[in-house]
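Notes follow the structure.
The values are calculated or read from the model by the stated rules, or taken from the named source; none is laboratory data. It should be emphasised that the depicted structure is a prediction, and the values quoted were computed from it without experimental measurement. Heads up, the Cβs are rebuilt from the backbone with ideal geometry, glycines too, and the neighbour counts pull from every protein chain shown. Accessible surface areas use protein heavy atoms only, side chains included; no ligands, DNA or RNA. Shrake-Rupley method; radii C 1.70, N 1.55, O 1.52, S 1.80 Å.
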Amino acid sequence: MQIEPIAHIHTDFPTKFGVPRQSGLASELTSTIVFAPAYRNPDCLRGIADFSHLWLIWEFDKVAGAGWSPTVLPPKLGGKTRVGVFATRSPFRPNPLGLSCVQLLRTELHTKDGPVLYVAGADLVDGTPIYDIKPYIPFADCHPDATGGWIEDAPWQELDIEFPQALQEMVPSTKLPGLVEVLRQDPRRAGSKHEPNRIYHLAYAGLDISFTVDGARLTVAAVNLAQD
């Protein structure tokens with residue numbers, strides 16, 4: 001079977017560094033989905049506005065062709081414990097496909113780019129190809145009694161953020177809440193070494209966000225325009 005992208009998503013992340021580890025974790029992040037010319041018929045989206053959430057099926061295109069292994073060393077387990085590739089969401093898989101659940105904010109059917117979907121909570125790099133879109137159906141897709149396997153052995157932790165007001169004012173007001181969510185969730189690789197003097201750089205919404213991390217505290221050091 002051969003498949004082709006039906007759309008591409010446009011997000012504030014030109015690289016994978018800082019992209020939320022799962023969809024929905026940073027609900028303030030907004031993105032747009034623009035359809036390929038062959039799929040810009042508004043009839044394709046008839047009824048979609050009645051759904052609050054959507055499933056996106058997409059490609060890890062930045063690692064396509066990189067190969068895969070039957071087992072994976074998840075960073076959340078310290079990179080020392082192997083689990084099966086199908087028990088993870090690693091991008092290195094036989095078919096590098098991703099699955100994300102996003103909130104549908106609104107639709108615009110008649111733009112210069114054809115129909116456009118505005119969504120929140122995506123965990124994708126800018127320009128990621130989308131292969132299919134399906135509605136999230138609460139009575140079938142929501143499982144309150146579900147268990148989280150090995151993920152539950154690696155509890156989720158958020159950082160305390162020190163973000164000087166003067167630096168916050170350098171970020172567009174519509175982009176600031178999403179940035180704070182991303183920083184709070186620690187953009188670094190899980191299990192990173194304690195390097196309190198190291199300066200990290202996050203490319204976000206056309207900006208270069210410099211920060212340090214000391215223990216459970218992340219401090220924003222500078223906000224600059226990103227270099228082309």
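Which of the chymotrypsin sites (Phe, Trp or Tyr not before Pro) found in segment 138-228 are in a DSSP loop and have at most 10 neighbouring Cβ atoms, other than their own, within 10 Å? Kindly include the intermediate steps, with their values, before the conclusion.
Values: sites: 139, 150, 156, 200, 204, 211; in loops: 156.
Of the chymotrypsin sites (Phe, Trp or Tyr not before Pro), not one in the loops of segment 138-228 has a Cβ with at most 10 other Cβ atoms within 10 Å.
Per q in 0.14 1/Å, what log10 I(q)/I(0) does a Debye calculation on the alpha-carbon atoms of segment 154-228 return?
Debye output, listed in q order: -0.42.
May I ask for the net charge around residue 217, where only other residues with Cβ less than 9 Å from the Cβ of residue 217 are counted and Lys, Arg are +1 while Asp, Glu are -1?
Details: positive: none; negative: 160, 162, 214.
Once positives and negatives cancel, what remains is -3.
Return the long-range amide H neighbours of residue 19 (sequence gap of 5 or more, or a different chain), with a cut-off of under 5 Å between placed amide H atoms.
Amide H neighbours of residue 19: none.
Which one of 199, 168, 218 is farthest out on the positive end of the charge dipole of the chain, using unit charges on Cβ (Lys, Arg +1; Asp, Glu -1) and the Cα centre as origin?
So the residue we want is 199.
Which net charge results for the neighbourhood of residue 190, defined as the other residues with beta-carbon distances under 9 angstrom from its beta-carbon, given Lys and Arg at +1 and Asp and Glu at -1?
Details: positive: 21, 76, 188, 189; negative: 186.
In short, +3.
Would you give the gap between the C-alpha center of segment 37-73 and the C-alpha center of segment 95-112, rounded to a whole Å?
8 Å
What dipole magnitude, in Debye to the nearest 20, does the chain give about its Cα centre under +1 on Lys/Arg Cβ and -1 on Asp/Glu Cβ?
On the way: 20 positive and 26 negative charges, 119 e Å.
So the dipole magnitude of the chain works out to roughly 580 debye.
If the only charges are +1 at each Lys and Arg Cβ and -1 at each Asp and Glu Cβ, what is the size of the charge dipole of segment 1-50 around the Cα centre, to the nearest 20 debye? Could you put the intermediate results ahead of the total?
Numbers: 4 positive and 5 negative charges, 26 e Å.
Charge dipole of segment 1-50: 120 debye, to the nearest 20.
Quote the charge dipole size of segment 17-115 about the Cα centre in Debye, to the nearest 20; the model charges only the Cβ of Lys and Arg (+1) and of Asp and Glu (-1). Please report the intermediate quantities before stating the final value.
Numbers: 11 positive and 7 negative charges, 104 e Å.
The calculation lands at about 500 debye.
From the backbone phi of segment 98-106, what are the Karplus-calculated ³J(HN,Hα) couplings (6.51 cos²θ - 1.76 cosθ + 1.60, θ = phi - 60°) in whole Hz, Gly and Pro given as x?
x, 9, 9, 9, 10, 8, 8, 7, 6
Hey, any idea what % of segment 95-177's accessible area is carbon plus sulfur with a 1.4 Å probe? Provide the component values of the computation, followed by the final result.
On the way: 2670 of 5020 Å².
Carbon plus sulfur share of accessible area: 53 percent.
List the residues, sorted by chain then number, that are 5 or more residues from residue 221 or on another chain and whose placed amide H is less than 5 Å from its amide H.
Close amide H contacts, sequence-distant or interchain: 210, 211, 212.
Taking the simple approach of a point 7 Å from Cα along Cα-to-Cβ for both residue 39 and residue 10, what is their distance in nm?
Computed distance between label sites residue 39 and residue 10 equals 1.7 nm.
Mind sorting out which of [x] 48, 45, 34; [y] 62, 50, 32; [z] 54, 44, 36 is the real Cα extents along the principal axes in Å computed from the coordinates?
Here the calculated entry is [z].
Which of the three applies to segment 17-132, rounded, prolate or oblate, going by the alpha-carbon gyration tensor with a ≥ b ≥ c and a/c under 1.5 meaning rounded?
On the way: a/c = 2.68, a/b = 1.97, b/c = 1.36.
Prolate shape, in that a/c is at least 1.5 and a/b is the bigger ratio.
Among 142, 101, 44, what's the order by accessible area (1.4 angstrom probe), most exposed first?
Result, largest first: 44, 142, 101.
For residue 53, enumerate residues with amide H under 5 Å from its amide H, sequence gap 5+ or separate chain, H modeled in the peptide plane.
HN-HN under 5 Å from residue 53: 104, 136.
Keeping to pairs on different chains or 8 or more places apart, tell me how many lysine pairs in the chain have Cα atoms under 21 Å apart. Can you show the working numbers first?
On the way: 16/62; 16/76; 16/175; 16/193; 76/193; 80/193.
Lysine pair count for the chain: 6.
Taking 7 Å along the Cα-to-C-beta vector as the label spot, tell me the residue 48-residue 81 distance in nanometres, rounded to one decimal.
Distance between the two pseudo-spin positions: 3.9 nm.
Taking 0.36 nm per residue of sequence separation and subtracting the Cα-Cα distance, how much length would be gained by fully extending the chain between residue 217 and residue 99, in nm to one decimal? Show your work: numbers first, answer last.
Working: separation 118, 0.36 × 118 = 42.48 nm, distance 3.10 nm.
Taking residue 217 through residue 99 to full extension adds about 39.4 nm, to one decimal.
Using 0.36 nm per residue, how much length does the chain from residue 158 to residue 227 gain when fully extended, once their Cα-Cα distance is taken away?
Working: separation 69, 0.36 × 69 = 24.84 nm, distance 2.90 nm.
Separation in residues times 0.36 nm, less the Cα-Cα distance, equals 21.9 nm.
Return one whole number: the accessible area per residue of the chain in Å², for a 1.4 Å probe. Could the numbers behind the result be given before it?
Values: 13350 Å² over 228 residues.
I get 59 Å² per residue for the chain.
Quick one: net charge of residue 171's neighbours, Cβ under 13 Å, K/R +1, D/E -1? List each step's numbers first, then the result.
Details: positive: 175; negative: 12, 28, 169, 181, 208.
Computed value for this residue: -4.
Determine the calculated [θ] at 222 nm for the chain from helices alone, applying -39500 (n - 2.57) to every DSSP H run no shorter than 4 residues and normalising by the residue count; nearest 500 deg cm²/dmol.
Numbers: 3 runs with 17 residues, N = 228.
Value at 222 nm, helices only, nearest 500: -1500 deg cm²/dmol.
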